[in-house]
Amino acid sequence: QVQLVESGGGLVQAGGSLRLSCAASGRTFSRSVMGWFRQAPGKEREFVAAISWSSANSYYADSVKGRFTISRDNAKNTVYLRMNGLKPEDTAVYYCAAGLGAGVRNPGDYVYWGQGTQVTCSS
């Protein structure tokens, strides 16, 4: 079983940056695909980014590609999401998730979820 805890959210102005962190427990972390999702008020949870267990492959939603960067440090059991050039439409609760890697872009591809961290970008 994997426990995930997000941190690093906050309030920023448009164009600002934040780095989210997700600390994971258990040896399973190093063998898991890690993903970031977000959910804005009144909207469904949507895929943001994912990274394979070896960091050989990364995936991004079109809306964040070129602005966000996902990375992981298996020695620290931590996955990161660096967010640059934030826009008001990025405002959402951001969730970290762990999956087996059969798929990466759908919430159903993941088994373990963190409780989320709020990111708010003002115009």
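Looking for something under 18 Å from Asn106 (Cβ atoms) and not hydrophobic (A, V, I, L, M, F, W, C) - is there at least one such residue anywhere in the range 8-16? Among the residues of the range 8-16, not one is under 18 Å from Asn106 (Cβ atoms) and not hydrophobic (A, V, I, L, M, F, W, C), which makes the answer no. Restricting attention to the range 36-66, the residues that are in a loop (DSSP other than H, G, I, E, B) and touching a Phe, Trp or Tyr at 6+ places or on another chain (Cβ under 7 Å) add up to 2.
Could you tell me which numbered condition Arg19 fails, if it satisfies all but one of (1) open to solvent by 60 Å² or more (accessible area, probe 1.4 Å); (2) touching a Leu at 6+ places or on another chain (Cβ under 8 Å); (3) assigned to a loop (DSSP other than H, G, I, E, B)? Failing condition for Arg19: (3). Restricting Ser32, Ser52 to those that are open to solvent by less than 70 Å² (accessible area, probe 1.4 Å) and either touching a Ser or Thr at 6+ places or on another chain (Cβ under 8 Å) or more than 12 Å from Gly99 (Cβ to Cβ) (or both) reduces the list to Ser52. The number of residues in the range 72-95 that are under 16 Å from Arg31 (Cβ atoms), in contact (Cβ under 8 Å) with a residue 24 or more places away in the chain and part of a strand (DSSP E or B) comes to 3.
Since Thr69 meets every condition but one in (1) open to solvent by 60 Å² or more (accessible area, probe 1.4 Å); (2) in a strand (DSSP E or B); (3) touching a residue at least 24 places away in the same chain (Cβ under 8 Å), which condition does it not meet? Result: Thr69 passes all but (3).
The values are calculated or read from the model by the stated rules, or taken from the named source; none is laboratory data. Worth saying up front: this structure is predicted, and the values here are computed from it rather than measured. Note that we place each Cβ from the backbone using ideal geometry, even for glycine, and neighbour counts take in every protein chain shown. Surface areas here come from the heavy atoms of the whole protein model, side chains and all, with no ligands, DNA or RNA. Shrake-Rupley method; radii C 1.70, N 1.55, O 1.52, S 1.80 Å.
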